[in-house]
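All remarks here apply to the structure that follows.
The values are calculated or read from the model by the stated rules, or taken from the named source; none is laboratory data. All figures in this text were calculated on a predicted structure; none of them were measured in a lab. Backbone-built Cβ (ideal geometry, glycine too); neighbour counts: all protein chains shown. Side chains included, ligands, DNA and RNA excluded: accessible areas come from the protein's heavy atoms. Shrake-Rupley method; radii C 1.70, N 1.55, O 1.52, S 1.80 Å.
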Amino acid sequence: MGGQPAVGVEEEFVLLDARTGVAVPAAPRVLGALGGEPGVVPEFLRFQVETMTGVCRSLAEIRADLARLRERLGDAADEAGCVAVATAVAPFGAVPLVTADARYERLAARFPALVERAGTCACHVHVGIPSRAAGIRALAGLRPWLGVLLALSANSPYVDGLDSGWASARYPLWSRWPTARPPAAWRDVAEYDAAIGEAIRSGAAPDVRGVYFYARLSPRYPTVEVRIADVCLDAGDAVVLAGLVRALVVTALGEDAPPRRTPDSVVLRSLRTAARYGLAGPGLDVTTGSPAPAEKLVEDLLAYVRPALRAAGDLDEVRRGCRELETLGGGAGRQRVLRAAAATPARFAARLAAATRGTDDGQNVEAAQ
C-alpha cells in the first residue's frame with residue numbers, strides 16, 4: 001500500500017424528530033453536546049450536520065474514523081432530543097432554516113427559490129493529488145464513471161413521506177443549483193479556472209466554494225473532490241465508495257493515453273438513470289450510449305480499477321462491498337425494506353438511525369420513545 005494517495009471523507013446527516021420523523025433544526029444543540037469535536041461542523045441548514053474524517057491512508061483508517069464520528073454524532077443527537085440519520089433527503093419534510101453563517105446567508109439570499117428544497121445530504125470523497133494539472137486529468141478519468149458511483153450510493157427514495165420513485169431523489173433536487181453539473185473534459189488548468197471564473201462572474205456561484213461541480217478540484221485542499229454520491233446509509237458503503245474513488249484517480253493518473261471524451265449528453269443520461277433506479281434497474285453504458293444492467297456497469301468499473309485496488313490492498317474488500325450493495329439494492333433498497341417494516345414514521349426514523357450507527361435494528365431506540 002506504499003505510495004497510495006491520501007483520502008478523506010465528508011458525510012452530511014439529517015437530524016430528525018424521534019416522534020414524528022420530521023427534520024428538526026437541532027444542529028446548534030447537537031454541536032453543543034459534542035463539546036467542540038473538530039470532526040463535526042454545521043451545514044447549510046439547521047437540520048443538517050457534517051462530519052469530516054482525518055487524512056487517511058487506508059480503508060481501515062477511514063472505517064474507524066467514520067464509525068467513531070457516527071457514534072459520537074448519534075450520542076450527541078440523543079442528548080439533544082433527536083436522531084441523526086444518514087439519508088440524502090429528509091424523508092418526512094423539513095422547515096429550511098438557514099444556519100447563522102455569513103456565507104450560508106449570502107447563498108440563501110442569492111438563490112432564495114432553491115432554499116425550500118435545499119438540505120440534501122452527500123458523501124464527498126477527497127483524494128490527494130500531486131498537482132492541479134494531475135487533478136484535471138483525474139477529473140477527466142472520473143467523468144464517465146460518475147453514474148456508477150451514484151448508483152452505488154443512491155440513498156434517498158422518500159420525500160414528504162412518500163416513495164418518490166427515485167433511488168436518489170437528492171440528485172434532481174441538488175441539480176437545480178446552477179453549477180451542479182458534471183465536470184467538463186477540460187484540457188488543462190487554465191480551462192478549468194476559466195470555467196470557475198465564468199460561473200462566478202455570471203452569478204451562478206457566489207465564490208469558488210459555491211461552484212458545485214459533481215467532481216472538482218477542492219478549493220481548500222490539494223485534492224480531487226468527488227461530490228456526486230448520496231450520503232451512505234451504512235458507513236461500510238462509504239468505505240467502498242472511498243476505495244473506488246481513490247482507485248479511479250490512481251488509474252486515471254497512470255494511463256498513457258488521454259481519457260475517452262464522453263459527450264455531456266451521455267454523461268447526464270447515465271446520471272439521471274442511476275438516480276432513478278440505483279442498483280435496482282437499468283443503467284447506461286457511457287462507452288456505447290446503450291442501456292445496460294447496473295450489475296454489469298459495476299463489474300466494468302471493478303475491472304477498470306482492479307490493478308489500482310490490488311496495489312492498495314483494497315480489492316477484496318471493495319469487491320465484497322459491491323456485492324453486498326447489489327444484494328441489498330443499495331441504500332435506497334434497504335430504506336424501502338426498513339420503511340415497509342416500520343408502522344410509523346417514528347419507527348422508520350429509529351431504524352434509519354440504528355442503521356446509521358451500525359447497530360442491528362432500531363428496537364432499542366423505539367423502546368426509548
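Consider segment 34-75 and keep the residues that are open to solvent by less than 30 Å² (accessible area, probe 1.4 Å) and of a type in the set (Gly, Ala, Ser). The one that is farthest from GLY358 (Cα to Cα) is SER58. The residue that is most open to solvent (accessible area, probe 1.4 Å), counting only those in segment 167-191 that are more than 20 Å from the chain's Cα centre (by Cα) and without any contact (Cβ under 8 Å) to a residue 60 or more places away in the chain, is ARG187.
Could you grab me the full set of residues in segment 213-239 that are open to solvent by 10 Å² or more (accessible area, probe 1.4 Å), in contact (Cβ under 8 Å) with a residue 60 or more places away in the chain and over 22 Å from VAL267 (Cβ atoms)? Within segment 213-239, TYR221, PRO222, ASP234, ALA235, GLY236, ASP237 meet the criteria.
With a requirement of 2 or more residues that are touching an Asp or Glu at 6+ places or on another chain (Cβ under 9 Å), more than 22 Å from VAL89 (Cβ to Cβ) and at pLDDT 95 or above, the helices (runs of 4 or more DSSP H) lying completely within segment 257-369 that satisfy it span 294-312, 315-328.
Looking only at segment 92-109, decide whether some residue is in contact (Cβ under 8 Å) with a residue 24 or more places away in the chain, of a type in the set (A, V, I, L, M, F, W, C) and out of contact with any strand residue (DSSP E or B) (no Cβ under 9 Å at 6 or more places or on another chain). Looking for residues that are in contact (Cβ under 8 Å) with a residue 24 or more places away in the chain, of a type in the set (A, V, I, L, M, F, W, C) and out of contact with any strand residue (DSSP E or B) (no Cβ under 9 Å at 6 or more places or on another chain), one finds none in segment 92-109, hence no.
Please work out if SER164 is over 18 Å from the mean Cα position of the chain (by Cα), open to solvent by 30 Å² or more (accessible area, probe 1.4 Å) and among the hydroxyl-bearing types (Ser, Thr, Tyr). Can you show your working first?
Numbers: over 18 Å from the mean Cα position of the chain (by Cα): yes; open to solvent by 30 Å² or more (accessible area, probe 1.4 Å): yes; among the hydroxyl-bearing types (Ser, Thr, Tyr): yes.
Yes; evaluated as a whole, the condition is true for this residue.
Report, by residue number, each residue of segment 6-26 that is of a type in the set (D, E, K, R), surrounded by 18 or more Cβ atoms within 10 Å (Cβ to Cβ) and not in a strand (DSSP E or B). Talk me through it step by step, then tell me what you get.
Of segment 6-26, the ones of a type in the set (D, E, K, R) are 10-12, 17, 19.
Narrowing the set further to residues that are surrounded by 18 or more Cβ atoms within 10 Å (Cβ to Cβ) leaves 10-12, 17.
Scanning segment 6-26 gives a single hit, ASP17.
Is it the case that GLY93 is at pLDDT below 95, open to solvent by less than 30 Å² (accessible area, probe 1.4 Å) and small (Gly, Ala, Ser)? Spelling it out, GLY93 is indeed at pLDDT below 95, open to solvent by less than 30 Å² (accessible area, probe 1.4 Å) and small (Gly, Ala, Ser).
Among the residues of segment 201-212, those that are out of contact with any Phe, Trp or Tyr (no Cβ under 7 Å at 6 or more places or on another chain) and surrounded by 16 or more Cβ atoms within 10 Å (Cβ to Cβ) comprise ALA204, ALA205, PRO206, VAL208, GLY210, VAL211. Every condition in (1) over 20 Å from the mean Cα position of the chain (by Cα); (2) part of a loop (DSSP other than H, G, I, E, B); (3) modelled with pLDDT of 95 or more holds for LEU31 except the one numbered (2).
Mind checking whether some residue in segment 213-234 is out of contact with any Phe, Trp or Tyr (no Cβ under 9 Å at 6 or more places or on another chain) and in a helix (DSSP H, G or I)? No: zero hits. The set of residues in segment 290-318 being open to solvent by 20 Å² or more (accessible area, probe 1.4 Å) and either among the small types (Gly, Ala, Ser) or farther than 20 Å from ALA252 by Cβ (or both) consists of SER290, PRO291, PRO293, GLU295, LYS296, ALA303, ALA311, GLY313, ASP316, GLU317.
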